[in-house]
Amino acid sequence: MRKSLVFAGIGLGLLALGGLYLGFRPKPAPLPTVPTVDLYRYAGKWYEIAAFPNRFQKGCHCTTAVYTPKEGYVEVRNSCRKGSANGKLDGVIGKAFPVEGSHNAKLRVQFFWPFRGDYWILSLAPDYSHVLVGAPDRQYLWILARTPQLDEAAFRHLVQEAERLGFDSSRLVKSDQSCQDK
């Protein structure tokens with residue numbers, strides 16, 4: 001009996017410490033987005049140029065996303081190859097919902113109901129040729145382009161923009177798009 005009370009006390013203490021940590025940990029500065037996004041211009045195929053590694057893209061290369069505006073949302077088709085350049089094509093289809101008042105610069109993407117993730121457009125070329133996308137907690141970041149390769153000046157500019165916004169650019173990994181050339 002006494003042993004279970006000790007374990008219960010330790011458990012409650014750890015729970016309280018966790019709550020304190022969550023309440024007092026430093027919050028990232030607000031993350032600005034572009035002023036507005038025309039979803040019809042944004043539509044089409046994008047190639048992943050670089051990204052923060054994440055579990056849902058583990059082992060992927062030649063990663064692309066195709067955005068198609070629908071009534072009230074944007075269909076998102078993400079695909080990549082796993083293994084060799086001719087490896088298995090893997091993909092998932094989701095929905096991106098514009099956040100009200102964001103002028104389409106903030107989207108909530110859902111691949112598996114009921115979970116949604118933040119997809120914020122942080123920098124967008126005037127001709128919609130490349131984009132910097134991230135999440136407000138700065139745990140996710142992507143550099144996308146309309147072509148499998150992005151010139152070095154544009155890439156450096158987007159990396160510098162990510163750093164200015166508080167992202168750890170040392171986590172960025174360039175994406176292998178070599179199978180797009182075939």
Dipole of segment 46-157, Cα-centred, from +1 at each Lys and Arg C-beta and -1 at each Asp and Glu C-beta, to the nearest 20 debye? 420
What percent do you get for the relative contact order of segment 39-181 when only Cα pairs under 8 Å and 6+ apart count? 27
So if each residue of separation counts as 0.36 nm, and I subtract the Cα-Cα distance between Arg156 and Asp127, what length gain in nm does that give? 8.7 nm
Kindly identify segment 39-181 as rounded, prolate or oblate by the Cα gyration tensor criterion: order the square roots of the eigenvalues as a ≥ b ≥ c, call it rounded if a/c is under 1.5, otherwise compare a/b with b/c, prolate if a/b is larger, else oblate. rounded
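Taking 0.36 nm per intervening residue step and subtracting the Cα-Cα distance, what contour gain separates Arg77 from Glu100 on full extension? Working shown, then result.
Values: separation 23, 0.36 × 23 = 8.28 nm, distance 2.26 nm.
Gain on stretching Arg77 to Glu100: 6.0 nm.
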Between segment 39-77 and segment 110-182, what's the alpha-carbon centroid distance in Å? 10
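Roughly how large, in nm² to one decimal, is the mean projection of the convex hull of the alpha-carbon atoms in segment 28-103? Spell out each step's value before the answer.
On the way: hull surface 26.1 nm².
For the Cα atoms of segment 28-103, the hull's average projected area reads 6.5 nm².
What order do you get for His130, His157 when you list them from fewest to most C-beta neighbours inside 10 Å?
Fewest to most other Cβ atoms nearby, the residues stand as His157, His130.
Would you mind ranking Ile121, Ile93 so that the residue whose beta carbon has the fewest other beta carbons within 10 Å leads the list? Kindly include the intermediate steps, with their values, before the conclusion.
On the way: Ile121 21, Ile93 12.
Ranking Ile121, Ile93 by Cβ neighbours within 10 Å, fewest first, gives Ile93, Ile121.
Throughout, read-outs are computed from the coordinates displayed, never taken from laboratory work. As the structure is a prediction and not an experimental result, all values here were calculated from the model. Because the Cβ atoms are built from the backbone with ideal geometry, glycine has one as well, and the counts that use them run over all protein chains shown.
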